[in-house]
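What follows is calculated from the coordinates using simple rules that are stated; it is not laboratory data. Nothing here was measured: the structure is a model prediction, and the numbers come from that model. Don't worry about glycine lacking a Cβ; one is built from the backbone with ideal geometry, like all the others, and counts go over all protein chains shown.
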Amino acid sequence: MSISYWKNLQPFRIPQCWTIVQHQLMNIEPEELDKNDDKWLIMFVQDILQIEKYLKRKINKKVEQQKLIIDLGWYPDGDPSGHFQLVAILNSNWEFPLLQFTSRSKKEIVETLEYWLFEIFCNIYFIENEQNFRKCYKSYQ
């Protein structure tokens, strides 16, 4: 990547309390690239974006904590016929994501990510029951 690659990063609206662990989502739609472009191998990979937030509650003078991760990747890695996959993971339970969304559109991915951040997770301080949470948001399964 060039020295000023950051100028081509996709901008996001992210509420407070989230930590950006990794951000390499470029401001380009997959349909804009030729299938033989080398950018497929650099920009469309499994590890594109990861943000995290800690959820906490206090019960009987004891603090319980959960780690919420939102992760974005391209699958299969570097494949022009692939797709973005956005997942929300609670306490490293990668086998059963809380939410999941796939699309070939970067625009749809950004809109979905920001919706999750501001409309779903903004006022959640602890997830008591993962199964009930998934039922509430089954459109993202």
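Name the residues in region 101-113 that are part of a strand (DSSP E or B) and either touching a helix residue (DSSP H, G or I) at 6+ places or on another chain (Cβ under 6 Å) or touching a residue at least 60 places away in the same chain (Cβ under 8 Å) (or both), would you?
Those that are part of a strand (DSSP E or B) and either touching a helix residue (DSSP H, G or I) at 6+ places or on another chain (Cβ under 6 Å) or touching a residue at least 60 places away in the same chain (Cβ under 8 Å) (or both): F101, S103.
Against the conditions (1) surrounded by fewer than 16 Cβ atoms within 10 Å (Cβ to Cβ); (2) without any contact (Cβ under 8 Å) to a residue 60 or more places away in the chain; (3) of a type in the set (D, E, K, R), K56 satisfies every one except (2).
Return the pair list, or none, for Cβ contacts closer than 6 Å from residues in region 66-94 that are at negative phi to residues that are small (G, A, S), at least 6 apart or on different chains. Pairs found: I70/A88; W74/G82; Y75/G82; P76/G82; F84/S103; Q85/G73. N8 satisfies every condition listed in (1) more than 20 Å from D79 (Cα to Cα); (2) within 14 Å of the chain's Cα centre (by Cα); (3) surrounded by 13 or more Cβ atoms within 10 Å (Cβ to Cβ) except (2). Only one of the listed residues (I14, I20) is farther than 18 Å from F126 by Cβ and in contact (Cβ under 8 Å) with a residue 40 or more places away in the chain. That residue is I14. A residue that is touching a Phe, Trp or Tyr at 6+ places or on another chain (Cβ under 8 Å) and either more than 19 Å from Y140 (Cα to Cα) or assigned to a loop (DSSP other than H, G, I, E, B) (or both) can be found somewhere in region 80-88.
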